[in-house]
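Beneath this line is the structure, given in structure tokens, with notes to follow.
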Amino acid sequence: MGLLTDAAPARAQQIAALTGGWGVRGGTDRLIAALVRHYERVGGRLLLRHTVTALSRDPAGTCQIACSNGFSMKAASVASSLGADNTRALLSTPRNSRRQLAPAIFTVHFALRGSWPGIGHHGLLMCDEHHASVRAVRDKGILPARSSIVLSHPSAVDPALAPVGHAVFRAATIVPNLRQAPLDWAAVGPQLERAILAETGQRLIPDLADRLVMAFHTTPADWANRLALPGGTPFGLREPARAAARGLPDNVVLIGAQAGAGAAIPDVLAGAERAAGRLLGQLRSAGKG
Ligand SMILES: Cc1cc2nc3c(=O)[nH]c(=O)nc-3n(C[C@H](O)[C@H](O)[C@H](O)COP(=O)(O)OP(=O)(O)OC[C@H]3O[C@@H](n4cnc5c(N)ncnc54)[C@H](O)[C@@H]3O)c2cc1C
């Protein structure tokens, strides 16, 4: 059964509150490095900074991939994590009507002098208006005055992530994606960062402002500009899109959060495994696997 991805940020909050949620020791890069090691062990090759600008197929169905840096390659099949609309655009096939995207996320990363053994690795600063604020973002694309904050404190369990005598935190909150509300994030971002730091200080660390060493934030505009995420949301489509791949050639399959397969890493990995099985099956039946 597909995950209702518009519930993802709220679900993340529930998971944080109910289970405590855990990150990767050493940082998420360690998970990526492990996945890359496995990919290379089975013969894969990772090319970074290669922006795909075109995907075409010859009459025999072989795919040709072209990148903005001039690199090109042929492939028997392609697994695309760019979502249905962007993949169709690369293939120059007509797009379907635009699907609704899940809300996005705003994060504030900050470092403080001192240590807080009483603040857990993962927690939820729930606000009184929690349900109303989630509905405002999800259904109306409104940025509420207050919403709940998921607070991660990774150095609580992995002290190497912060210099001695310091602690690092990440506060995250649900916000409208860029299609729901084209907010001016250059102006809104600093205001929201200040509000989140103030709320966290008021509820947990009264002298937070005095102890603050550094802080920076990421907005939906950053996700859109840096990662080309449609609408600036890392949580993919609002609903499972069974028809997302309709009209795509058999040897071009959609993977990743933007495929509607799910909004979190476990869903993305499960979707990738299904896609790999499907593509290997095609190669075997064509006598190439
Ligand atoms: C702040 C934050 C916290 C999160 N926390 C969690 C968590 O605790 N647990 C969890 O399970 N999930 C979490 N997620 C969600 C998780 O990160 C995503 O579900 C997952 O990364 C999606 O993987 P993906 O491969 O579909 O897409 P991405 O990881 O977004 O990768 C897509 C890649 O494609 C690249 N790309 C785009 N266009 C092109 C092009 N034309 N050519 C070449 N490359 C291109 C992008 O640059 C990007 O690197 C979080 C997300 C965010 C933003």
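The values are calculated or read from the model by the stated rules, or taken from the named source; none is laboratory data. Since we're looking at a predicted model, the values are computed, not measured. In this analysis, Cβ positions are derived from the backbone assuming ideal geometry, glycine residues included, and neighbour counts consider all displayed protein chains.
Among the residues making up segment 65-112, those that are over 30 Å from residue 201 (Cβ atoms), at pLDDT 85 or above and hydroxyl-bearing (Ser, Thr, Tyr) are 68, 72, 77, 80, 81, 87. Exactly one residue among 8, 33, 16, 60 is at pLDDT 90 or above and either part of a helix (DSSP H, G or I) or surrounded by 11 or more Cβ atoms within 10 Å (Cβ to Cβ) (or both), and that residue is 33. Of all residues in segment 127-136, those being surrounded by fewer than 15 Cβ atoms within 10 Å (Cβ to Cβ) and aliphatic (A, V, I, L, M) number 1. Filtering segment 196-211 to residues that are in contact (Cβ under 8 Å) with a residue 12 or more places away in the chain and either within 27 Å of the chain's Cα centre (by Cα) or more than 27 Å from residue 117 (Cβ to Cβ) (or both) leaves 196, 197, 199, 200. Consider segment 230-244 and keep the residues that are hydrophobic (A, V, I, L, M, F, W, C) and modelled with pLDDT of 70 or more. The one that is nearest to the ligand (Cβ to nearest atom) is 235. Selection of segment 68-121 for residues being within 16 Å of the ligand (Cβ to nearest atom), assigned to a strand (DSSP E or B) and touching a residue at least 40 places away in the same chain (Cβ under 8 Å) yields 78, 79, 80, 101, 104, 105, 106, 107, 108, 109, 110.
Checking each residue in segment 165-179 for being outside any strand (DSSP E or B) and either away from the ligand (no atom under 14 Å from the Cβ) or more than 13 Å from the chain's Cα centre (by Cα) (or both) picks out 165, 176, 178, 179.
Between residues in segment 54-67 that are closer than 22 Å to residue 85 by Cβ and residues that are within 16 Å of the ligand (Cβ to nearest atom) and part of a loop (DSSP other than H, G, I, E, B), which pairs lie under 7 Å by C-beta distance while being six or more apart or on different chains? Within 7 Å, the pairs are 67/50; 67/51. Taken across segment 126-144, residues that are in contact with a Cys (Cβ under 8 Å, 6 or more places away or on another chain) and closer than 26 Å to residue 237 by Cα do occur, with at least one present.
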